[in-house]
Amino acid sequence: MEAKGLFAGAQNVTVTEVNLNNVAGAYHDYRSSGGGRHHRRLNGGHTTSYNSLCRPLPSPPPAIPLPSTPTNALPAANGITSKQGAPHRTPNGSSNPPARLTPGRPRSPVSTGMGSSHIETLNYVERNTYQRDDRYRQSLDHLVDNIAVGAIHDSAERSDAPKCHPATRRAVQEDILGWIRRGDSDPNPRKVLYISGPAGAGKTAIAGTVSDICQKDGSLAATFYFSASSGSPDRQSKRLLVSTLAYQLIQHKSIDRLKEEVLTAIHEDPVVFKKRLDQQLKALILDPLRKIAGRSDPKTWPKVILIDAVDECDADLDKVKSRKDARRAREDTHREILSVVEEAVKDPSFPFRIIVVSRPEPAIHTFFATTIAGTTFKLFLDDKYNPDADIALFFQAKFAEIRRRYNLPADWVSRDAIMMLVGQASGQFIYASTVIRFIEGTACHPQEQLKRILEWRHLDDSEPFAILDALYMGILQTSPNPHLAVKWLSVIHLLRESHRTGDHLIKAFLETTPGETEYLLGDMTSLLGLSDGQGQTRFHFYHKSLLDFLGDPKRSARLHVSVQSRRWFLEDRWYLILKHRGPQVVSPNAPYSSQDFLDQCFHRWYSKLLDTSRDFAKSDAEWWLSSKQQTSQDCREMFVHVHANCPSWYKCLPACKIWRREIIRHCKAKSWTVPGSRELLRDRFRKYDITTLPLLAPLRRR
């Protein structure tokens, strides 16, 4: 290859082929020495310097043959001509070439001998580099769109996550940190640590504290915190687990070139996020790790990945039809997550240790006891770690804080009272933290609140959660209307988890008078958070054990709300909103409009909550049809739904007649197809469903 004089002033230079790496280096020299001031206009006019795009190029072809530059296209003394002989114009309009600049040296009228072929080659290099950089940005955006931000250890969503109180849980923390730091030197190294324990034992608090410590010393590689009580659907699904871990891994600069390999994998397979977890693991973590092997020392990398509350990851309930199917699907989901853990730690290119935290549910316990028993170190939070001593320290520290805050006497809590509370906790830190939140979180005097808690002692402690249940029962009964408050809790959980409804919309759906939320739930803030600290509505269940309590009729006893009772309550609220023509309470500072409420909340549930046994007026149906641009699908579903509960072929309910009459009138006004007399007669004997109804056939006009 003849490339001599690429930046020289010689006029008789013929370039037959140019190696891309040489050109890239020369071009970089040209830019960095001052030519970078001449920014090229790329991608629709955006000004971009080469230095901002300069990254390692992909392996180029060995050489690109270029046509020989004709003699009449070589640079003249006053400019550089193009292939057509036109003078090259600089940004200021002169015909001087873009001379190579060095600090303190004036421009030379002719300091390069680059012909048009050279310029085209350099343009190709810059364009190729920019396109690659743009692909990286697109891939990174695609990755960010498919992660669960709230599941990351230091996310804003976890700002109020539980942590171990100072001076407590020291023994178990030392065992975990010792395994992270020195586990490789064990005679039989184990790459997985399984932390389990009963509900309320403080597993998540321990995991959060260990994550804090590891983040500070640089050993934390990635985390994923599942949560059934957070309200975030992303933290209850397996779908974003691998991509969230991959995103955190590429943030570590010590893992050289991992980011480029992961983003390249996403660019080559954009639908990777829709694949099975094992395929995501291979494409986003294992294959990239294999490709960067040897580029940096894994001993300098972070050491541990932590996955918390695997038992709180749920299955896709839209695909199950019965409670038995739901349980089987949930167990399959847990096994799939743990299989990914197994596959990762068995791969030689995967240097990280993995901590899995979970309740010892049957499928999870069996997997660790059999499938990966040989690679797992198990840690169970039992009496070995003396939880009673830690709970006593926690109570003493918190009661001291309350004493200072309220200027109480030093002996306002006796040692006997503390030991009684420790005994009632039975090793459950959730009991201790709930007691403190209850004492701190109400307008009543702390001594009065403490007295009430001590009076809630459960005499029958044969059940494992008897004491905790007694505490929950006592706190729920502090509401002015405990049964209605429990209905609210049940509906809040349902709408957040199953219907992905925003908290401010749930509040608007439930309230019948201003301030009803604070009135009903204000004394229960030890169980449920009501705001985000900035005045915006945010419901937050502090612990999943409360949801377990509410869902078990034996444990919640007289306060239990059945599925049918909850449905009747929802139907009541939907009916009142329809009659009121919108939400009954609209806050002046609400982050939504009445139309937002109707579109995102009210209209979504019409086919489930309209009760045709109630009294309806013609104006009700007219308002429903006019309050939203109802689609043909909406009208079809409502047409079928209002007739579903009519008792016999010869008699329709009054509500059915009203709604069907108005729906047909609405469809005729839009020139949509409507059922004729024969179809309506058939419907009396054999009711149509949404797929057989001859109404509003797509794209048909009357």
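What about C652, is it farther than 21 Å from W605 by Cα and buried (at least 18 other Cβ atoms within 10 Å of the Cβ)?
Details: farther than 21 Å from W605 by Cα: yes; buried (at least 18 other Cβ atoms within 10 Å of the Cβ): yes.
Here the answer is yes, as C652 does meet what is asked.
Select from region 269-318 the residues that are among the β-branched types (V, I, T) and part of a helix (DSSP H, G or I) and write down the one among them that is surrounded by the fewest Cβ atoms within 10 Å (Cβ to Cβ). Step through it out loud before you land on a result.
So in region 269-318, the residues among the β-branched types (V, I, T) come out as 271-272, 285, 292, 300, 304-305, 307, 310.
Add one more test, that the residue is part of a helix (DSSP H, G or I), and what stays is 271-272, 285, 300, 310.
Values: V271: 7, V272: 20, I285: 29, T300: 11, V310: 25.
Filtering region 269-318 for residues that are among the β-branched types (V, I, T) and part of a helix (DSSP H, G or I), the one surrounded by the fewest Cβ atoms within 10 Å (Cβ to Cβ) comes out as V271.
In this structure, is S254 touching a Lys or Arg at 6+ places or on another chain (Cβ under 7 Å), small (G, A, S) and modelled with pLDDT of 95 or more? Walk me through how you get there before you give the answer.
Numbers: touching a Lys or Arg at 6+ places or on another chain (Cβ under 7 Å): no; small (G, A, S): yes; modelled with pLDDT of 95 or more: yes.
No, not satisfied.
So, of the residues in region 508-521 that are assigned to a helix (DSSP H, G or I) and without any contact (Cβ under 8 Å) to a residue 60 or more places away in the chain, which turns out to be farthest from the chain's Cα centre (by Cα)?
Applying the filter and picking the extreme gives Y519.
Show the residue pairs that are 6+ apart or on different chains and have beta-carbon atoms under 7 Å apart, the first residue being within region 578-606 and without any contact (Cβ under 8 Å) to a residue 40 or more places away in the chain and surrounded by fewer than 17 Cβ atoms within 10 Å (Cβ to Cβ), the second being basic (K, R) and part of a loop (DSSP other than H, G, I, E, B).
Within 7 Å, the pairs are D599/K628; H603/K628.
For region 339-386, enumerate the residues that are of a type in the set (F, W, Y) and touching a helix residue (DSSP H, G or I) at 6+ places or on another chain (Cβ under 7 Å).
F350, F367, F377, Y385
Could we say that D611 is in a helix (DSSP H, G or I) and surrounded by 14 or more Cβ atoms within 10 Å (Cβ to Cβ) here? Working first, answer last.
Details: in a helix (DSSP H, G or I): no; surrounded by 14 or more Cβ atoms within 10 Å (Cβ to Cβ): yes.
Here the answer is no, as D611 does not meet what is asked.
From the list S613, S626, which residue is farther than 23 Å from W568 by Cβ and of a type in the set (G, A, S)? Spell out the reasoning first.
Working: S613 fails: farther than 23 Å from W568 by Cβ.
Step by step, each of S613, S626 is checked, and only S626 is farther than 23 Å from W568 by Cβ and of a type in the set (G, A, S).
If I ask for residues that are touching a residue at least 24 places away in the same chain (Cβ under 8 Å) and of a type in the set (S, T, Y), which ones from region 165-203 would you list?
The answer is T168, Y194, S196.
State which residue is modelled with the lowest pLDDT when the search covers only region 607-643 and only residues that are among the hydroxyl-bearing types (S, T, Y) and more than 35 Å from the chain's Cα centre (by Cα).
Looking at the filtered set, the residue picked out is S626.
The values are calculated or read from the model by the stated rules, or taken from the named source; none is laboratory data. Here the structure is a predicted model, which means the values were calculated and not measured. Cβ sites come from the backbone with ideal geometry, for glycine too, and all protein chains shown count toward neighbours.
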